[in-house]
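Input: one structure, supplied below.
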Amino acid sequence: MKFPLLFTLIFLISSWGDLLLSQNVELILSVEETECTSNEDFDIFFTVNNWEDVGGVSGTIEWDETELEFKTFEESFPSMGSFLIDTGQISIGYLTFNWFNAEGTDLPNGSTVMTISFQLVSPGNEGFHEVNFSNSPTEMEVIKIDNSFNVFAADFETFDGGVEVINNETPDLECIPNFSLELDENGEATLNPNDLVLFISIACGTVDLAASQTEFDCDDLGTSTLVVTATANNGNTATCNVQLTVFSDDDPQLECVASFTVELDENGEATID
């Protein structure tokens, strides 16, 4: 799909008696790569090189809508031009744009002309997520206008980019200060580390819990310090300490013989075992 206003611009300038020509200006449009380390919004920057005498740019930006959610858009093309944007298809991962100007414009290499803010659809979805230029539904086009108002359909090159999601977060962990564990009738007990945690959270990924000891018996009676460790799927860890008291409330079991006879020895003494 082509923008009528861009064609109108070309027609009006051509009607002044100038020629519509083709010239290779080697314009480079790039989608920069960035990194995301959480579920917060992040920006993708669209930059240009060899932007000389450029009078119009149109095209499509695409992404996987199941991975990235469009949030906001900002354009920073030369201010004297007119800009159109169609966000009607962002729900399926397309954004079309058209900038044009009656005169050719110049920009320094590396200039940012568009910025899109995204958010991950699923926090913790690590890996690279592409954001690309596309010829559908709006075809990528660039025109150049020289000082004599000659209009050239310019050759150009695009470089795609996106976001690399790197989860380097550390879990947020808080333990209860004290915990009591009762041995069973066999003098044994097993501890679940989740019973020691008051709060645990991480924005991206998953967390595994472990305790420095989980199996106890009569040798462990009393109070000691237990270390709880939360390990995220990126390998980062957080720890907290718990004062653990191991006890047993079992009453002793005792049964005596009904009667017992003790015989004194020759010294008139006897010992009962």
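Here are the criteria: (1) surrounded by 14 or more Cβ atoms within 10 Å (Cβ to Cβ); (2) not in a strand (DSSP E or B). Tell me which single one V228 does not satisfy.
Only one criterion in (1) surrounded by 14 or more Cβ atoms within 10 Å (Cβ to Cβ); (2) not in a strand (DSSP E or B) is unmet by V228, namely (2).
From the list E62, E35, E40, E26, which one is charged (D, E, K, R) and surrounded by 15 or more Cβ atoms within 10 Å (Cβ to Cβ)?
Numbers: E35 fails: surrounded by 15 or more Cβ atoms within 10 Å (Cβ to Cβ); E40 fails: surrounded by 15 or more Cβ atoms within 10 Å (Cβ to Cβ); E26 fails: surrounded by 15 or more Cβ atoms within 10 Å (Cβ to Cβ).
Exactly one residue qualifies, and that residue is E62.
Kindly indicate which of N234, N186 is assigned to a loop (DSSP other than H, G, I, E, B) and closer than 30 Å to Q119 by Cβ. Can you show your working first?
On the way: N186 fails: closer than 30 Å to Q119 by Cβ.
From the options N234, N186, the qualifying one is N234.
Which one is surrounded by the most Cβ atoms within 10 Å (Cβ to Cβ), of the residues in segment 82-128 that are assigned to a loop (DSSP other than H, G, I, E, B) and in contact with a Ser or Thr (Cβ under 7 Å, 6 or more places away or on another chain)?
Applying the first criterion (assigned to a loop (DSSP other than H, G, I, E, B)) to segment 82-128 yields 87-89, 93, 106-110, 121-126.
Still in the list and also in contact with a Ser or Thr (Cβ under 7 Å, 6 or more places away or on another chain): 110, 121.
Numbers: G110: 12, V121: 14.
Once the filter is applied, the top-ranked residue is V121.
Go through the residues of segment 191-198 one by one and say whether even a single one is without any contact (Cβ under 8 Å) to a residue 60 or more places away in the chain, of a type in the set (D, E, K, R) and within 30 Å of E35 (Cα to Cα). Outline the logic, then answer.
Quick first cut of segment 191-198, residues without any contact (Cβ under 8 Å) to a residue 60 or more places away in the chain only: 191-198.
Pick out the ones that are also of a type in the set (D, E, K, R) and you get 195.
Okay, now just the ones that are also within 30 Å of E35 (Cα to Cα), so none.
The answer is no, given that none of the residues of segment 191-198 is without any contact (Cβ under 8 Å) to a residue 60 or more places away in the chain, of a type in the set (D, E, K, R) and within 30 Å of E35 (Cα to Cα).
Going by the structure shown, is N186 at pLDDT below 95 and on the phi < 0 side of the Ramachandran plot?
Details: at pLDDT below 95: yes; on the phi < 0 side of the Ramachandran plot: yes.
Judged against the criteria, N186 is a match.
Among the residues in segment 81-88, are any under 25 Å from E35 (Cβ atoms), of a type in the set (D, E, K, R) and in the same structural domain as E40 (by TED's automatic domain parsing)? Lay out the reasoning, then the answer.
If we filter segment 81-88 for residues that are under 25 Å from E35 (Cβ atoms), which is where we start, we get none.
Among the residues of segment 81-88, not one is under 25 Å from E35 (Cβ atoms), of a type in the set (D, E, K, R) and in the same structural domain as E40 (by TED's automatic domain parsing), which makes the answer no.
Checking the condition in the same structural domain as E35 (by TED's automatic domain parsing), at negative phi, charged (D, E, K, R) and at pLDDT 95 or above, which residue from E126, E130 passes? Walk me through it before giving the result.
Values: E126 fails: at pLDDT 95 or above.
Residue meeting the stated conditions: E130.
Still on this structure: Determine if segment 171-194 includes at least one residue that is surrounded by fewer than 18 Cβ atoms within 10 Å (Cβ to Cβ), within 25 Å of the chain's Cα centre (by Cα) and more than 30 Å from F100 (Cβ to Cβ).
Scanning segment 171-194, I find at least one residue that is surrounded by fewer than 18 Cβ atoms within 10 Å (Cβ to Cβ), within 25 Å of the chain's Cα centre (by Cα) and more than 30 Å from F100 (Cβ to Cβ), so the answer is yes.
The values are calculated or read from the model by the stated rules, or taken from the named source; none is laboratory data. If you're wondering where the values come from, they're calculated on a predicted model, not measured in any experiment. Methodologically, a virtual Cβ is constructed for each residue, glycine included, from the backbone with ideal geometry; neighbour enumeration extends over all protein chains shown.
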